[in-house]
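Peer 1: After the structure tokens below, expect a handful of questions from me.
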Amino acid sequence: MNNQLSLHIPGLINQIKSFQPEQALKHLSAQFGEKVVFSSSFSYEDQVITHMIATQQLPIQIFTLDTGRLFTETYSVWSSTISRYQNNIKAYYPQHDLLESFVQEKGPNAFYESVENRKNCCYIRKVEPLKRALKGNAIWVTGLRAEHSAARQDLQSIEWDESNQIIKYHPILDWTTEQVAAFIREHNIPYNPLHDKGFVSIGCAPCTRAIKSGEDFRAGRWWWEEADKKECGLHEHK
Ligand code: ADX
Ligand code: SF4
């Protein structure tokens, strides 16, 4: 932690500790202006945060990482979100030269063949574009929730991201699934219909499946890999 930005963390934790997520987002954007950005994968959680940002007209740039392999349903909820909120959602894409040579060399579904291929695909389609999206910003808002995995239980709602040199803020880290669902219902927020079909954590289509009741929330992500390999590099702690 040698970046000047990280010095804000203790003060911020103190300032927002009694705030609801809506108020905290407002407070952070008042303090850091347009240097607060929010990454949305149009998940249940992300839709809650988009609603909070849009209805308060906060100057927080919402962005998504379009891997090119998302579910059709994800593109539909992206579209209905723009219609509902009339907001601007910036899409980041993989660098075409990196992707072209990767697919040329390894084939379109190389992620099933090895963890190395899978991590390279995630790097090209998500991590590298994420780095461009975060560059020069101060706060990265995410929809991470503690319930999603054991590794996420220990997160703090405000934390320092060493690899991206940015402050991360997870406004609904401690919300339960029921709280998220109730908020979505109450405000009639558009959401990904796959959530009604057993999909909990939704990423790219070839790498996500529905889970059975009682299974770990992230069991449907990269299900063919061992649990300790399942991280895509967006969030370092997993
Ligand atoms: S991942 O690391 O496994 O891919 P997960 O799907 O749990 O992440 O989502 C956690 C948070 O990461 C989301 O709430 C969102 O902030 C961010 N995120 C994940 N995927 C994307 C994406 N494709 N575009 C933008 N943000 C994303
Ligand atoms: Fe590639 Fe699958 Fe990672 Fe998406 S989740 S970037 S398709 S390996």
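Peer 1: For the list (1) within 14 Å of ligand 1 (Cβ to nearest atom); (2) in contact (Cβ under 8 Å) with a residue 40 or more places away in the chain; (3) under 30 Å from Ile9 (Cβ atoms), I need the number of the one condition that Ile158 fails.
Peer 2: (1)
Peer 1: So which residues in the range 184-197 are open to solvent by 20 Å² or more (accessible area, probe 1.4 Å) and either touching a residue at least 24 places away in the same chain (Cβ under 8 Å) or touching a helix residue (DSSP H, G or I) at 6+ places or on another chain (Cβ under 8 Å) (or both)? Reasoning before the result, please.
Peer 2: Step one: of the range 184-197, the residues open to solvent by 20 Å² or more (accessible area, probe 1.4 Å) are 185-188, 190-191, 193, 195-197.
If the condition is that a residue be open to solvent by 20 Å² or more (accessible area, probe 1.4 Å) and either touching a residue at least 24 places away in the same chain (Cβ under 8 Å) or touching a helix residue (DSSP H, G or I) at 6+ places or on another chain (Cβ under 8 Å) (or both), then His187, Pro190, Tyr191, Pro193, His195 are the ones that fit.
Peer 1: Need at least 1 residues that are over 16 Å from Arg125 (Cα atoms), without any contact (Cβ under 8 Å) to a residue 60 or more places away in the chain and within 15 Å of ligand 1 (Cβ to nearest atom) per element, so show me which strands (runs of 3 or more DSSP E) inside the range 24-96 make the cut, counting only ones lying wholly within it. Give the derivation first.
Peer 2: Numbers: elements: 36-39, 61-65, 89-92.
Fully inside the range 24-96 and qualifying: 61-65, 89-92.
Peer 1: Please go through the range 29-77 and give me each residue that is hydrophobic (A, V, I, L, M, F, W, C) and either within 16 Å of ligand 2 (Cβ to nearest atom) or under 22 Å from Gly233 (Cβ atoms) (or both), ordered by number.
Peer 2: Kept after step one, since they are hydrophobic (A, V, I, L, M, F, W, C), are these residues of the range 29-77: 30, 32, 36-38, 42, 48-49, 52-54, 58, 60, 62-63, 65, 70-71, 77.
Correct list: Val37, Phe38, Phe42, Ile49, Ile62, Phe63, Leu65, Leu70, Phe71.
Peer 1: Hey, Lys106 hits all of (1) over 27 Å from Ser163 (Cβ atoms); (2) more than 21 Å from the chain's Cα centre (by Cα) but one; which does it fall short on?
Peer 2: (1)
Peer 1: Filter the range 183-208 for residues that are in a loop (DSSP other than H, G, I, E, B) and within 12 Å of ligand 2 (Cβ to nearest atom) and give the result.
Peer 2: Step one: list which residues in the range 183-208 are in a loop (DSSP other than H, G, I, E, B), which gives 187-192, 198-203.
The answer is Ser201, Ile202, Gly203.
Peer 1: Only one of (1) within 24 Å of Leu12 (Cα to Cα); (2) in contact with a helix residue (DSSP H, G or I) (Cβ under 7 Å, 6 or more places away or on another chain); (3) basic (Lys, Arg) is not met by Lys168, so which one is it?
Peer 2: Just one mismatch for Lys168, condition (2).
Peer 1: Also, quick follow-up: Hey, among the residues in the range 210-223 that are more than 12 Å from ligand 2 (Cβ to nearest atom) and touching a residue at least 12 places away in the same chain (Cβ under 8 Å), which one's surrounded by the fewest Cβ atoms within 10 Å (Cβ to Cβ)? So that I can check it myself, show each step before the final result.
Peer 2: Step one: of the range 210-223, the residues more than 12 Å from ligand 2 (Cβ to nearest atom) are 210-219.
In the following step, the residues that additionally are touching a residue at least 12 places away in the same chain (Cβ under 8 Å) were identified as 210-212, 216-218.
Values: Ala210: 14, Ile211: 18, Lys212: 8, Asp216: 14, Phe217: 15, Arg218: 22.
Within the range 210-223, the match that is surrounded by the fewest Cβ atoms within 10 Å (Cβ to Cβ) is Lys212.
Peer 1: I've got another one for you. Please verify whether the range 172-191 includes one or more residues that are near ligand 1 (Cβ under 10 Å from one of its atoms), under 30 Å from Thr55 (Cα atoms) and modelled with pLDDT of 90 or more. Can you show your working first?
Peer 2: The initial filter retains those residues of the range 172-191 that are near ligand 1 (Cβ under 10 Å from one of its atoms), namely 172.
Applying the additional criterion that residues be under 30 Å from Thr55 (Cα atoms) yields 172.
Now narrow it down to the ones that are modelled with pLDDT of 90 or more: 172.
Yes, the range 172-191 contains at least one residue that is near ligand 1 (Cβ under 10 Å from one of its atoms), under 30 Å from Thr55 (Cα atoms) and modelled with pLDDT of 90 or more.
Peer 1: Could you tell me which numbered condition Tyr92 fails, if it satisfies all but one of (1) modelled with pLDDT of 95 or more; (2) open to solvent by less than 20 Å² (accessible area, probe 1.4 Å)?
Peer 2: Here Tyr92 meets the rest and fails (2).
The values are calculated or read from the model by the stated rules, or taken from the named source; none is laboratory data. All of these numbers come straight from a predicted model, not from anything done at the bench. Every residue, glycine among them, receives a Cβ derived from its backbone with ideal geometry; neighbour counts consider all protein chains shown. Keep in mind that these areas ignore ligands, DNA and RNA; they rest on the heavy atoms of the full protein, side chains included. Shrake-Rupley method; radii C 1.70, N 1.55, O 1.52, S 1.80 Å.
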